[in-house]
Amino acid sequence: MSEALHLPIIDLSSTDRISNSNSIRQACMEHGFFYLVNHGVEEELIDKVFEQSRKLFSLPIEEKMKFALKKDRGYSPLYAAKLDTTSSSTKGDCKESFYFGPQADGLNLWPFQDLPSWRSTIETYHEKVLSAGTKLMSLVAMALKLEEDFFHKVDALTEPLLFLGLLHYPGDSDSDCSSEETYGASAHSDFGTITLLMTDGVPGLQACSLDKSKQPQVWEDVPSIKGAFIVNIGDMMERWTNCLFRSTLHRVLSPKQERYSVVFFMNPGKDCIVECLESCCSESCPPRFPPIRSLDYFDERLRLTYGSKS
């Protein structure tokens, strides 16, 4: 049985920004994960999003496939994606998902056209989490010894590539999901800057306690805290910080019971250049990665995972 990972809890409403940023710095260097509370997303709204998610995934498969993934928006069925691109297994992950992207481009797909509360609930949640994530990014900047508005200045928060995903893991209700070699989400790290995850409390999420390249991998459970976001660092932030902040491998075991979660990926604006921060390199620690345009990096990662481009 895995040990539980003990992570710091960051209070976004705290006026002690120095202490908060120091805690974030330590959490991102040691684990790449932390909890976020008092984030401004009301519990009632969170409950409504989960209610709508259950309603969506309970539809017949032929109905859901009418909204099949296009331009990284819409429905992705069981086994359609495999997050562990290094695995020799031919079987995809045992989860189904529905993704929404930036609202301004008009590419999102909307089931339940006859239910006006469906779209408004998702869009309101999107706006609230973006607000929390934007406030959090100013603390991340402080944690990196940068000006609070650094990520605004480099266009990371100007028309950011934001993706909201509703996720459903069927558990033992799908016999294929219960096999040992099948994961709800196989081992992976996220693409972007930060990820804000809300779960329904059903366990399954695990983080690798060692560096991505080290073997054997040691996995620890990441328990959920009701109403708290589980926040983790993504690969673009790891590149930006020259690996000072960890983009930790994580996975979701196939749960025994149904599991729902809502994930919000914050990715820099498409033309943002991600390059090593001056505060994260020196003569003895030169930049490990060349500069890269955000959209180019994002497209390549999506191609490897889904065989698609944004």
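The values are calculated or read from the model by the stated rules, or taken from the named source; none is laboratory data. Here the structure is a predicted model, which means the values were calculated and not measured. So basically every Cβ, Gly included, is an ideal-geometry build from the backbone, and we count neighbours across all protein chains shown. The protein model used for the area step is the full one, side chains on, heavy atoms only, and it has no ligands, DNA or RNA in it. Shrake-Rupley method; radii C 1.70, N 1.55, O 1.52, S 1.80 Å.
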Rounded to 10°, Cα long-axis angle of helix 43-57 versus longest principal axis of the chain | 50
Any idea what the dipole of segment 144-275 comes to, in debye rounded to 20, about its Cα centre with Lys/Arg Cβ at +1 and Asp/Glu Cβ at -1?
-> 260
Acute angle (nearest 10 degrees) that the helix 294-306 long axis makes with the longest principal axis of the chain, alpha-carbon atoms | 40
What accessible area per residue comes out for the chain, rounded to a whole number of Å², with a 1.4 Å probe?
-> 46
Percent of accessible area on segment 146-278 owned by carbon and sulfur, 1.4 Å probe?
-> 49
How big is D for the chain, in µm² s⁻¹ as a whole number, if Stokes-Einstein is applied with the Kirkwood radius of its Cα pairs at 20 °C and 1.002 mPa s?
-> 108
Here the gain from full extension of K55 to K153, 0.36 nm per residue of separation minus their alpha-carbon distance, amounts to 31.2 nm
Hand me the trypsin sites (Lys or Arg not before Pro) from segment 194-227 located in a DSSP loop with no more than 11 other Cβ atoms within 10 Å, in residue order please.
-> K214, K226
Can you tell me how much longer the chain between A68 and D105 gets when fully stretched, taken as 0.36 nm per residue apart minus their C-alpha distance, in nm with one decimal?
-> 11.5 nm
Percent relative contact order of segment 1-132, based on C-alpha pairs within less than 8 angstrom and at least six residues apart?
-> 21
Degrees, to the nearest 10: 116-143 long Cα axis against longest axis of the chain | 20
Simple label model, 7 Å out from Cα along Cβ direction - S117 to K256, nm = 3.3
Quick one: compute the contact order of the chain, relative version, from alpha carbon pairs under 8 angstrom and 6+ residues apart, as a percent.
-> 23
Where labels lie 7 Å past Cα in the beta-carbon direction, separation of M29 and D84 in nm = 3.1
Gaussian network model of the chain, Cα springs within a sub-10 Å range: biggest mean-square fluctuation belongs to which of G92, G74, G106?
-> G106
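Rounded to the nearest 500, what is the 222 nm mean residue ellipticity of the chain from helices alone, with -39500 (n - 2.57) per DSSP H run of 4+ residues and division by all residues? Please list the in-between numbers first.
Working: 7 runs with 84 residues, N = 310.
Result for the chain: -8500 deg cm²/dmol, rounded to the nearest 500.
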Rel. contact order, % - alpha carbon contacts under 8 angstrom, at least six apart, segment 222-296 | 31
